[in-house]
Amino acid sequence: MTLKTILAKSLAFTATLLVAGTACAADSYPQRPINLITPTAPGGTVDIVARIMAEKLAPALGQPMIVNNKPGAGGVVGTQALLREPADGYSILFTGNSNQLIVPWVYKDAKFDPIEDFMPIAAVGVVPNVLCVNAEFPAQNLKEFVALVKANPGKYSYASSGSGTLNHLLGEMLKSRGKLELQHVPYRGVAPAMADVLGNQVPIVFASLPSAVENVKSGKLRALAVSSESRDPLLPDVPTLNEEIPGVTGDLWVAFYAAKGTPQAAVDRLYAAIESVLADPDTAARFQKLGVSMLHDGPAELAKRQQAEFQQWKEVVAAANAQAE
């Protein structure tokens with residue numbers, strides 16, 4: 001046997017061992033419960049979808065997936081918490097583009113880079129935000145809302161789930177492009193914001209569709225507009241913001257991320273399990289009821305999506321001068 005033949009066989013054997021080792025690692029993960037960190041308070045879209053996915057992923061992975069809400073600073077607190085955990089696949093992040101791609105431009109001390117510090121796993125759903133008002137608010141529709149706010153500059157306030165979130169920036173876009181004067185009242189999540197709007201402490205709120213739809217259908221809130229490019233099937237009679245004020249658009253999408261350095265075998269196992277859950281008709285039905293349109297972005301597609309949006313939001317934040325400490 002020549003030296004060349006011996007080297008070739010040795011390299012082939014090494015490659016076989018590496019493939020076998022990767023397959024073994026994929027088969028053995030996970031071996032204990034997975035901590036699913038969401039950087040938002042309970043009650044919002046990120047939390048709602050996280051809990052559906054965690055419930056479905058547990059049997060798919062053979063281990064519990066425990067949702068751990070860590071709200072604060074528009075998502076900074078929870079996102080930083082994930083980066084303090086070992087990059088071993090046993091702590092992963094479920095977040096929205098609002099928290100992941102907008103917040104770093106808004107908070108000077110965000111201390112995370114969404115491109116460099118994370119490994120994309122999968123994007124699973126997208127929803128519009130809804131401009132809602134308390135049932136006692138005088139305006140009955142979007143046109144009346146614009147006229148009322150213009151006639152009373154600075155009188156009305158709108159609630160959001162926090163500075164730097166998508167619903168905050170939608171409010172700033174509405175103010176800028178509609179030439180409206182509204183006061184921003186940030187909350188630590190959509191649930192407390194919604195509670196004060198329902199109690200008429202603040203009359204207006206931007207909220208994601210899943211977190212608002214039940215209160216809209218019960219008549220406790222009045223939906224005036226959605227932030228998507230076209231009307232939403234769940235609220236077909238509600239116009240888009242674009243119909244009255246061109247250029248005010250922005251959807252919330254939600255996705256799984258791992259910390260950079262997480263074993264690729266764990267990321268691959270998680271993605272495969274997520275895709276199996278998204279293929280479940282019950283998951284599709286639950287998403288549809290909430291107004292969540294399903295996404296099937298794998299790691300490469302999610303990386304491309306976030307790369308494109310990250311710079312876009314930089315421009316929006318700068319135009320709105322939306323800075324927070």
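Data table
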| read-out | value |
| --- | --- |
| Filtered residues of region 256-286 (kept if among the hydrophobic types (A, V, I, L, M, F, W, C), touching a residue at least 40 places away in the same chain (Cβ under 8 Å) and in a helix (DSSP H, G or I)) | 265, 266, 267, 270, 273, 274, 277, 278 |
| Some residue of region 208-215 being free of Cβ contacts under 8 Å to residues at least 24 places away in the same chain, farther than 16 Å from residue 145 by Cβ and hydroxyl-bearing (Ser, Thr, Tyr) | no |
| Where a residue in region 294-311 is in a loop (DSSP other than H, G, I, E, B) and its partner, wherever it lies, is open to solvent by 30 Å² or more (accessible area, probe 1.4 Å), with Cβ under 7 Å and at least six apart | 298/271 |
| Complete set of residues in region 123-144 that are of a type outside the set (A, V, I, L, M, F, W, C) and over 20 Å from the mean Cα position of the chain (by Cα) | 134, 136, 138, 140, 141, 143, 144 |
| Subset of region 294-320 [open to solvent by less than 50 Å² (accessible area, probe 1.4 Å) and within 13 Å of residue 256 (Cα to Cα)] | 295, 297, 298, 299, 302, 303, 306 |
| Filter result for residue 263 (closer than 26 Å to residue 31 by Cα, of a type outside the set (Val, Ile, Thr) and open to solvent by 50 Å² or more (accessible area, probe 1.4 Å)) | yes |
| Count of region 127-143 residues which are assigned to a loop (DSSP other than H, G, I, E, B) and either on the phi > 0 side of the Ramachandran plot or crowded, with 18+ Cβ neighbours inside 10 Å (or both) | 2 |
| Among (1) within 28 Å of residue 32 (Cα to Cα); (2) in contact with an Asp or Glu (Cβ under 8 Å, 6 or more places away or on another chain); (3) not basic (Lys, Arg) - the single one residue 129 does not satisfy | (1) |
| Complete set of residues in region 82-126 that are open to solvent by less than 10 Å² (accessible area, probe 1.4 Å), among the aliphatic types (A, V, I, L, M) and not in a strand (DSSP E or B) | 82, 101, 102, 103, 106, 110 |
| All positions within region 40-66 that are of a type in the set (Asp, Glu) and either touching a His at 6+ places or on another chain (Cβ under 7 Å) or crowded, with 19+ Cβ neighbours inside 10 Å (or both) | 47 |
| Residues within region 267-314 that are over 15 Å from residue 97 (Cα atoms) and acidic (Asp, Glu), tallied | 4 |
| Residue selected from region 67-81 under the condition among the aliphatic types (A, V, I, L, M) and more than 27 Å from residue 276 (Cα to Cα), by the criterion surrounded by the most Cβ atoms within 10 Å (Cβ to Cβ) | 76 |
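Every residue, every condition in (1) among the acidic types (Asp, Glu); (2) assigned to a helix (DSSP H, G or I); (3) in contact (Cβ under 8 Å) with a residue 12 or more places away in the chain; (4) within 24 Å of residue 206 (Cβ to Cβ), yes or no:
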residue	(1), (2), (3), (4)
32	no, no, yes, no
35	no, no, yes, no
42	no, no, yes, yes
46	no, yes, yes, yes
51	no, yes, yes, yes
56	no, yes, yes, no
60	no, yes, yes, no
77	no, yes, yes, yes
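The values are calculated or read from the model by the stated rules, or taken from the named source; none is laboratory data. As the structure is a computational prediction, the values presented were derived from the model and not from experiment. We place every Cβ from the backbone using ideal geometry, glycine too, and count neighbours over all the protein chains shown. Note: accessible area is taken over every heavy atom of the protein model, side chains too, but ligands, DNA and RNA are not part of it. Shrake-Rupley method; radii C 1.70, N 1.55, O 1.52, S 1.80 Å.
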